[in-house]
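One structure is given below, encoded as structure tokens.
The values are calculated or read from the model by the stated rules, or taken from the named source; none is laboratory data. In this text the structure is predicted, and so the values were computed from the model without any measurement. Using ideal geometry, Cβ is built from the backbone for each residue, glycine included, and neighbour counts are taken over all protein chains shown. Please note that ligands, DNA and RNA were not included when accessible areas were found on the heavy atoms of the full protein model with its side chains. Shrake-Rupley method; radii C 1.70, N 1.55, O 1.52, S 1.80 Å.
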Amino acid sequence: MKNPTTTNLVHNASSSGRISRRESMQLSAAALAGASLASLSASETAAQAGAQATPENLVEKPLRSIQKLPLNADGSAPEYTPQEAGTITGVLWRTKETPQIEFDYRKMKVKVDARGTAKLSGTLTFSDLEKLPRHSYVTLLQCGAPTPRGVVKWTGVRFSDFVKMVGAQSFANYVRLIGSDGYNLDDDMTTLMHPQVLLTWLLNDQPIPPQHGSPLRLIVPFRYGARSIKAITDIEFTATSFAPAKPWPTRA
């Protein structure tokens, strides 16, 4: 659609053979307005196309291929012997590359924000964790996809011992953990208090490699690997609910 103002200005300029400064400014403004309208129209069209992408009724869609996660009858993860420990095949980060952070677990600094639901808040360091009883489990790390996957030995402290250390109260019902790549998860305290849930810094008795989540990684062996968040930077507690988290970075 032509802009009438632009058309008149062009006609007047053509008739006189020259364009005044005022007419030039008017032409520029009109062109900009026309471009903005065209852009808006394109945006509206795209939005309408997106809205139309959702079917008007329920329709069948292809299912994802999810690997079955083997569990014990009580819902816990099977444990293996140290001799069965191997390696993890495949690496999965939300971002294209392993984040460039401090990987040495002895230098870790994790922000703890209890929002009034625990006696202690501030910065968690390794010196705090090494005071707690150390535990090791050989379990399967299994993503919903075929990889990452592997039976390995994790060593660290029980999340439940960490919770008791900071003096979390009975009304601290939910936990949010945030990784260095922006990945985050919210979980209920009851799940994370399970004795198999660990805050770990060793993998097969060696510091966790950067690609697998150093310096500190949560391990929830009875859930898919995405729940075992890597490279933890923040741990938060709340009694009710959390504000919406920042969107996760898009994988390249």
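Against the empirical 2.2 N^0.38 Å scaling, what ratio does the C-alpha Rg of region 99-252 come to? Numbers along the way, then the final one.
Details: Rg = 14.5 Å, N = 154, 2.2 N^0.38 = 14.9 Å.
With N residues counted in region 99-252, Rg over 2.2 N^0.38 Å equals 0.97.
Stretching GLU79 away from VAL91 to a fully extended chain increases their span by 2.1 nm, per 0.36 nm per residue minus the current alpha-carbon distance. Normalise the Debye intensity by I(0) for region 72-173, one equal point scatterer per Cα, no solvent, then take log10 at q = 0.15, 0.18 Å⁻¹ and round to two decimals. Evaluating at q = 0.15, 0.18 Å⁻¹ gives log10 I(q)/I(0) of -0.93, -1.17. In this simple spin-label model, placing a label point 7 Å from the Cα along the Cα-to-Cβ direction at both THR190 and LYS107 gives a separation of 4.2 nm. On region 54-190, 49 percent of the accessible area sits on carbon and sulfur atoms, based on a 1.4 Å probe. Counting only protein heavy atoms and using a 1.4 Å probe, the accessible area of MET165 comes to about 60 Å².
Probing with 1.4 Å while keeping every protein chain in the model, the per residue accessible area of region 140-226 equals 33 Å². FRET efficiency for LYS164 and SER241, Cβ-Cβ distance as r, R0 = 25 Å, nearest 0.05? Plugging the Cβ-Cβ distance into 1/(1 + (r/R0)^6) gives 0.60.
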